[in-house]
1. Scan around TYR55 for amide H atoms under 5 Å from its own, H built in the peptide plane at 1.01 Å from N, and keep only partners 5 or more places away or cross-chain.
2. Arranged by the count of other C-beta atoms within 10 angstrom, fewest first, what order do THR59, THR159, THR153 take?
3. Under the classification rounded if a/c is under 1.5, otherwise prolate if a/b is larger than b/c and oblate if not, where does the stretch 56-155 fall, given a ≥ b ≥ c as square roots of the Cα gyration tensor eigenvalues?
4. Taking R0 as 25 Å, what's the FRET efficiency between ARG157 and LEU87 from their Cβ-Cβ distance, rounded to 0.05?
5. Starting from the Cα-Cα distance between ALA68 and LYS174, subtract it from 0.36 nm times their residue separation and give me the gain in nm to one decimal.
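None of the figures in this text is laboratory data; all of them are computed from the coordinates on show. Quick caveat: nothing in here was measured; it's all calculated off a predicted structure. Cβ: placed from backbone, ideal geometry, glycine included. Neighbour counts: every protein chain shown.
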Amino acid sequence: MIRAGLTRAFLMTLSCSAIAEAAPSALSSETETPTGNVVGPAGQVRIAAEKRVWYGWQTLATDASSLAPLVLMAAMDGGGAEVFVPLALGTYVLGGPIVHAAHGNWGRAVGSLSLRIGAPILCVLPVAGIPVEAFATAGLLVGAALAVTLDATVLARETVVTKTAWQPAVRVGKDAVWAGVAGRF
């Protein structure tokens, strides 16, 4: 009787651990690569894993908020609407780098700042000799859109190391013995 209970408990433990390992990768599009195992006190196993995380939605949110002052400026007909231009420009230039810095990615913050200043300038240079002002404005807008797109898709990624802890659990009762695994992930 006890042997059959132990066999069932062992099989349940194996199936639960297989489900626990398969569920995160099946539900997530993020890649996970084990980097090593460490056995802690009381047989606890710690598995460190790296995940590539995309936080581009945060840079895109700051870029969307930089458009709000421009919309306000367009809604106001004359009369002090120019005060919104520095606000929009400052939010566009500094929003993405602040997000990268908040994630601790200082190199990416500098890259984002350089991209947000450099791309519009580089897109204006080919049309600088043409006297039509619309070409320069179009170049600035194309450069800004390129900077926002590259910042959100290429730069706004980080590697996060997570630690998963598994600990065997055994419980002895009056009529049966239970064995399983307790985990934190």
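1. ARG157, GLU158
2. On the way: THR59 23, THR159 9, THR153 13.
Fewest to most other Cβ atoms nearby, the residues stand as THR159, THR153, THR59.
3. It is oblate, given that a/c is not under 1.5 and a/b is not larger than b/c.
4. Numbers: r = 29 Å, r/R0 = 1.15.
My answer for the efficiency is 0.30.
5. Numbers: separation 106, 0.36 × 106 = 38.16 nm, distance 6.79 nm.
The span from ALA68 to LYS174 would gain 31.4 nm if fully extended.
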